[in-house]
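Only the coordinates and a few stated rules stand behind these numbers; no lab work does. Computed from a predicted model, the values in this text were never measured in an experiment. Positions of Cβ are backbone-derived with ideal geometry, glycine not excepted, and every protein chain shown enters the neighbour counts.
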Amino acid sequence: MPVNTEVVKIALCQLRTELVLEETLDKAGRMVREAAQSGARIVVLPEMFSCPYSGRYFHSFAARGHGPILEKLSAWAEENGVLLVGGSIPETEDGRLYNSAFVFGPDGRQLARHRKVHLFDVDIPGMRFKESDTFGRGNEITVFDSPFGRFGLAVCFDLRFPELFRAMAERGARAIFLPAQFNLKTGPMAWELLLRARAADNQLYVAACAAARYAGFDYECWGHSTVTDPFGQVAAKCGETEQILYAELDFSRVDEARRQIPTITALREDLYPVAK
């Protein structure tokens, strides 16, 4: 598909995942529809949008199968004529569970799948979380073509690894989508800093869709969905509550940033090769 350099309106659906799957899916469908009716051509959902982000729920929600959720995502994309970055969901294959993000085109066709490459295993004051106890690691760098150009896809903790984002940029990504759930400790410390750094590093857009905060839940998400531009500036951001965040992706700014400061063409791959 040819790269389209028009200005594209994007919507980040910062929803709160409920304990009842059907309630969450109904709400997500309504938000996607509202975003499309407001002119968004690209719509993004959060990490684990259909499953509460807690070890108590991953296996039980995965046991229902991911097929019906993929059917919903495909239908929402086609019915609303949008490119839908369907957050991430618990995906099971050959008895192994993955934290997987799926993308569907405006015709409902699946364009990409990204299994979270870097699993959230941390032991910080006041919080210990080991995602690898539940999920397997993905092993692919995910870049895909769409009617709006070539994009990259990552999930949450992947954000902390600049090598992955540079590899997507080297493969032609002009924006990278990041479904995520940073928490009340890591969010204030690093969320915006990392998003701005990855955008500035690679002179592209980073659109990070978080879940809304669920006060009192096992894992409280920081929220604050954010879009950063190719100059590393914040183009749009919101707070912690449930809402739809809108922004415009002007892909001429990618070309402008790379023309002004040619960090992509100045790479010293004789010293540090980048995966292509």
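Bridgeable lysines around LYS276 (alpha carbons under 25 Å apart, same-chain partners fewer than 8 residues away excluded): LYS116.
Listed by chain and number, the aspartates and glutamates whose alpha-carbon sits under 12 Å from that of LYS130, ignoring those within fewer than 8 places in the same chain, are ASP121. The chain gives an Rg/Rh value of 0.94, both radii derived from C-alpha positions and Rh following Kirkwood.
The fewest-to-most ranking of LEU195, LEU45 by surrounding Cβ atoms within 10 Å reads LEU195, LEU45.
Of the residues LEU19, VAL82, PHE165, the one whose Cα sits farthest toward the positive end of the charge dipole of the chain, with +1 on the Cβ of Lys and Arg and -1 on the Cβ of Asp and Glu, is PHE165.
Neighbour counts of C-beta atoms inside 10 Å place ILE141, ILE176 in the sequence ILE141, ILE176, starting with the fewest. Shown for CYS51, CYS13: other C-beta atoms within 10 Å of each C-beta, ranked fewest to most, produce the order CYS51, CYS13.
Within a straight-line Cα-Cα reach of under 19 Å, LYS237 can be paired with the following lysines, leaving aside sequence neighbours fewer than 8 residues apart in one chain: LYS9, LYS185.
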